[in-house]
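Single-structure report; data block below.
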Amino acid sequence: MSNFTDKLKAAIDEKESFVCVGLDPRLNRIPDHIKEEVVKEYGKTKEAVAEIFIKFNKGIIDAVHQHVPIVKPQIAFYEQYGHQGIRAYEETIKYAQKKGLLVIADAKRNDIGSTAQAYADGYLGEVDFWEESEFGFGADALTVNGYLGIDGIQPFIDSCEDYGKGIFILVRTSNPSAGDLQDLETDNGKVYETMAELVNDWRIESKGKNGYSAVGAVVGATYPQEAEELREVMKESYFLVPGYGAQGAGAKEVIPAFNEDGYGAVVNSARGIIFAYERKPWQEQFSAEEYQEASQAAVKAMRNDINETLDEYGKLPW
């Protein structure tokens, strides 16, 4: 069975892109023409919200799938609408995969024992289904919180081995208050440094052909110096890098997350791409009805920005 990072590298090479699009729909920011069309049929209901999300996400996926290897729907934006939101989440994953994209389920799951196993089965593996088994969400990878230790991680690692999936463990996040806990000093260095060492300890022994483990790390672009240090520690882990664009980081800030071979990272942007029609410079070129064209223009610009900057640093792999 293929290692997740082998599939990811192949997709990166095919698209010549390290961009990950965050599919984080917000009802009040979705173009009115989509909402009005759906509300005519479903009324102002949670079912309508689900249909709006599905229609909007499909439009984004159609616009970007030729230019990115992977997408990342954040489940919080869906589950706040109950079972209808979860339906939209499932449909989004299926449609993205149908279009040839890998999917990271951004759910930051963690627990211990049978509960951790249930999360791992539901997102990455198979669940009991009468006398047989059935895939749950069927995502290709999952974000996880490692702060309960190996008890909370092992079921996810097992799913990576058994199903060719990947995980990204929170190490150094991009939010302003991340340092409140992650920068605290321990006997073995700062908390985030200790977590990086644990990620190394939790690596899957059977690495992919490209030398990378399916156990990756979330490392924010807003802390480039820390990212450079962490890259030295976790050379065999792929980094999921949030913080580009709306959170303030640019291409130069994400470069330290890459290895010298030019691989080892995917860079996420959500608002800056899916709502590009609201933002400069795209709002001056595209209307709300042209949200797909705006998103495609934004994702191409981000891809080129990262690639050109990697080339400046001698890291572009093609």
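Listing for the model above:
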read-out	value
Residues that are over 16 Å from VAL199 (Cβ atoms), acidic (Asp, Glu) and not in a helix (DSSP H, G or I), drawn from the stretch 224-282	GLU260, ASP261
Criterion (of a type outside the set (D, E, K, R), without any contact (Cβ under 8 Å) to a residue 40 or more places away in the chain, over 24 Å from GLU47 (Cα atoms) and buried (at least 17 other Cβ atoms within 10 Å of the Cβ)) met by exactly one of LEU148, LEU124, LEU142	LEU142
Residue count for the stretch 154-194, restricted to those that are farther than 16 Å from VAL219 by Cα and touching a strand residue (DSSP E or B) at 6+ places or on another chain (Cβ under 7 Å)	5
Which numbered condition VAL38 fails, given (1) under 16 Å from LEU101 (Cβ atoms); (2) crowded, with 21+ Cβ neighbours inside 10 Å; (3) free of Cβ contacts under 8 Å to residues at least 24 places away in the same chain	(1)
Residue within the stretch 197-206 that is acidic (Asp, Glu), in a loop (DSSP other than H, G, I, E, B) and more than 19 Å from ALA257 (Cβ to Cβ) present	yes
Count of the stretch 118-156 residues which are among the small types (Gly, Ala, Ser), farther than 19 Å from VAL199 by Cα and within 20 Å of the chain's Cα centre (by Cα)	5
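Bear in mind that the values in this text are calculations on the coordinates, not laboratory data. This is a predicted model, so every value here is computed, not measured. Don't worry about glycine lacking a Cβ; one is built from the backbone with ideal geometry, like all the others, and counts go over all protein chains shown.
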